[in-house]
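Peer 1: Sending over a structure as structure tokens; questions will come in a sec.
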Ligand code: HEC
């Protein structure tokens, strides 16, 4: 597979959590702009991040190095501990870090950067009733 195909291949998995889903369809104008809500048992709501290349609300300002390091930091199982983040996250950081090679994550990053920037501000964590 060439790099673009690799990036696209993995990005489909990211898209499922990182796009607005309207009755099982992904509106093409909102791809990768986040907003899927994951209610946690304690009432906290974690919302998937905007990973479109928008400068203000997406990852347009995130360097490739930082992008990769976010996954690398999670290849250690200890990072699954809530204490690592201060909250638990449904983002499959650990799984992706373990199963996707760094060069393939780079291809994902490059692919994401070719997508349409979508201006959509996401509040990743809404803490509720957390002690
Ligand atoms: C199971 C759902 C799910 C899948 C699959 C998923 N993500 Fe996420 N992602 C999330 C959630 C929820 C967050 C927000 C919480 C967090 O930052 O951990 C997030 C956060 C992120 C962030 C952090 C953005 C920031 O502003 O810090 C990046 C980067 C990211 N995801 C990239 C990806 C990529 C690339 C893939 C595919 C290889 C992917 N995600 C697959 C749910 C998912």
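The values are calculated or read from the model by the stated rules, or taken from the named source; none is laboratory data. Not measured: the values here are computed from a predicted model. Please note: Cβ atoms are built from the backbone with ideal geometry, for glycine as well, and neighbour counts cover all protein chains shown.
Peer 1: When you scan region 119-126, do you find a residue that is modelled with pLDDT under 90, crowded, with 17+ Cβ neighbours inside 10 Å and near the ligand (Cβ under 7 Å from one of its atoms), even just one?
Peer 2: no
Peer 1: Would a scan of region 43-54 turn up a residue that is more than 18 Å from residue 121 (Cβ to Cβ) and either at pLDDT below 90 or assigned to a strand (DSSP E or B) (or both)?
Peer 2: Looking for residues that are more than 18 Å from residue 121 (Cβ to Cβ) and either at pLDDT below 90 or assigned to a strand (DSSP E or B) (or both), one finds at least one in region 43-54, hence yes.
Peer 1: Taking only region 40-63 into account, find how many residues are closer than 21 Å to residue 112 by Cα and either more than 10 Å from the ligand (Cβ to nearest atom) or surrounded by 14 or more Cβ atoms within 10 Å (Cβ to Cβ) (or both).
Peer 2: Selection size over region 40-63: 16.
Peer 1: I've got another one for you. Residue check: is residue 28 over 11 Å from the mean Cα position of the chain (by Cα), at pLDDT 80 or above and under 26 Å from residue 1 (Cβ atoms)?
Peer 2: yes
Peer 1: If a residue has to be crowded, with 17+ Cβ neighbours inside 10 Å and at pLDDT 90 or above to count, how many in region 64-73 make the cut?
Peer 2: Going through region 64-73 one residue at a time, the tally reaches 2.
Peer 1: Filter region 14-39 down to the residues that are in contact (Cβ under 8 Å) with a residue 12 or more places away in the chain and part of a helix (DSSP H, G or I), then identify the one that is surrounded by the most Cβ atoms within 10 Å (Cβ to Cβ).
Peer 2: The qualifying residue surrounded by the most Cβ atoms within 10 Å (Cβ to Cβ) is 18.
Peer 1: Another one. Can you tell me how many residues in region 90-114 are surrounded by 18 or more Cβ atoms within 10 Å (Cβ to Cβ) and within 16 Å of residue 61 (Cβ to Cβ)?
Peer 2: Count: 2.
Peer 1: Separate question: Go through region 2-13 and count every residue that is loosely packed, with under 13 Cβ neighbours inside 10 Å and either at positive phi or within 11 Å of the ligand (Cβ to nearest atom) (or both).
Peer 2: Adding up the residues that qualify gives 1.
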